[in-house]
Amino acid sequence: MSELELEQLQEKIDAGILLAQQRLKEKVLREDGELVVMRDGKVTHIKADDLDSLGE
């Protein structure tokens, strides 16, 4: 695989990850749920109301 092909593949992977994050956030907001994430080695629950304060 050439360098250009690898770069294009990485761009597609990155775009897919961003899309998945966006869809997950929308789902949590729609269902008034919460996300469970790992921050500084600790499990953290983020309620839908607090998602707007998170950076993109």
Please give the number of the condition residue 8 fails out of (1) at pLDDT 90 or above; (2) surrounded by fewer than 10 Cβ atoms within 10 Å (Cβ to Cβ); (3) assigned to a helix (DSSP H, G or I).
(2)
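Going by the structure shown, is residue 48 surrounded by 10 or more Cβ atoms within 10 Å (Cβ to Cβ) and either under 13 Å from the mean Cα position of the chain (by Cα) or at pLDDT 95 or above (or both)?
Working: surrounded by 10 or more Cβ atoms within 10 Å (Cβ to Cβ): yes; either under 13 Å from the mean Cα position of the chain (by Cα) or at pLDDT 95 or above (or both): no.
Taking the combined requirement at face value, the residue does not satisfy it.
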Could you check how many residues of the range 28-42 are under 13 Å from the mean Cα position of the chain (by Cα) and surrounded by fewer than 10 Cβ atoms within 10 Å (Cβ to Cβ)?
2
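The values are calculated or read from the model by the stated rules, or taken from the named source; none is laboratory data. Predicted model only: the values in this text are computed from it and were never measured. Note: ideal-geometry Cβ built from the backbone for every residue, glycine included; neighbour counts use all protein chains shown.
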